[in-house]
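Peer 1: Let me give you the structure first, and then I'll get to my questions.
The values are calculated or read from the model by the stated rules, or taken from the named source; none is laboratory data. Since this is a predicted model, take the numbers as computed values, not measurements. As a convention, Cβ positions derive from the backbone with ideal geometry for all residues, glycine included, and neighbour counts pool all protein chains shown. Quick note on the areas: whole protein, heavy atoms, side chains included, nothing else; ligands and nucleic acids left out. Shrake-Rupley method; radii C 1.70, N 1.55, O 1.52, S 1.80 Å.
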Amino acid sequence: MKKILLILLAAASISYVSCKKTTNNNDGPGEVYGKWKLTETMQDPGDGSGKYRKVTGAAKYLTLDKSGKFQGDALPDLFSFRILDSVKMEVYSNTYKMPQTYYYKVSAKSLQLNPPCIEGCGYRFVRE
């Protein structure tokens, strides 16, 4: 009886360890690709009082393609990017000759981009 129980336990363990976990990367956490609507911006005047403020007026969008291209009217100066790690991306724009490092935070439904600013600044988006 002990041998049968041991064999069943071993088989169950092997079966559990050998199973692959699958994820859907289309809308999962950490997925920056897709269409995003700009909802808030922040510009700190230099005294630490900067807060995110809701965007008013016509809706503006930013699309991040898997090919590394930016599209949309939310940040029209940006044209391409490269993901460096889970919190940084290299961004290319028409303003600067060299790429800049943007910090980002992403979830299934929100994206926050923080460009390199002397004072605090940032953009918040929701997934469309």
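Peer 1: With a 1.4 Å probe and every protein chain left in place, work out the accessible area per residue of segment 50-128 in Å², rounded to a whole number.
Peer 2: Working: 5020 Å² over 79 residues.
Ligands and nucleic acids excluded, the figure is 64 Å² per residue.
Peer 1: Of K60/K109; K69/K105; K66/K105; K69/K97; K37/K97; K51/K105, which ones are farther than 20 Å apart at the Cα? Write out the running numbers ahead of the final one.
Peer 2: On the way: K60/K109 16 Å; K69/K105 18 Å; K66/K105 17 Å; K69/K97 17 Å; K37/K97 27 Å; K51/K105 17 Å.
Cα-Cα > 20 Å for K37/K97; rest within.
Peer 1: Can you give me the three principal axis dimensions of segment 51-99 from its C-alpha atoms, in Å, biggest first?
Peer 2: Ordered largest first, segment 51-99 gives principal extents of 32, 22, 22 Å.
Peer 1: Let me ask something else about it. So if we plug the beta-carbon distance of Q43 and D85 into 1/(1 + (r/R0)^6) with R0 = 22 Å, what FRET efficiency do we get, rounded to 0.05?
Peer 2: Computed FRET efficiency for Q43 and D85 comes out at 0.25.
Peer 1: Spelling out what I want: for every residue of segment 111-122, take phi, set θ = phi - 60°, compute 6.51 cos²θ - 1.76 cosθ + 1.60 (Karplus), and round to whole Hz; glycine and proline get x.
Peer 2: After applying 6.51 cos²θ - 1.76 cosθ + 1.60, I find 9, 10, 10, 10, x, x, 10, 5, 9, x, 7, x Hz.
Peer 1: Would you mind checking which residues have amide H under 5 Å from G72's amide H? H placed 1.01 Å from N; only 5 or more apart, or other chain.
Peer 2: T63
Peer 1: With a 1.4 Å probe and every protein chain kept in, tell me what percent of the accessible surface of segment 64-108 is carbon plus sulfur.
Peer 2: 53 percent
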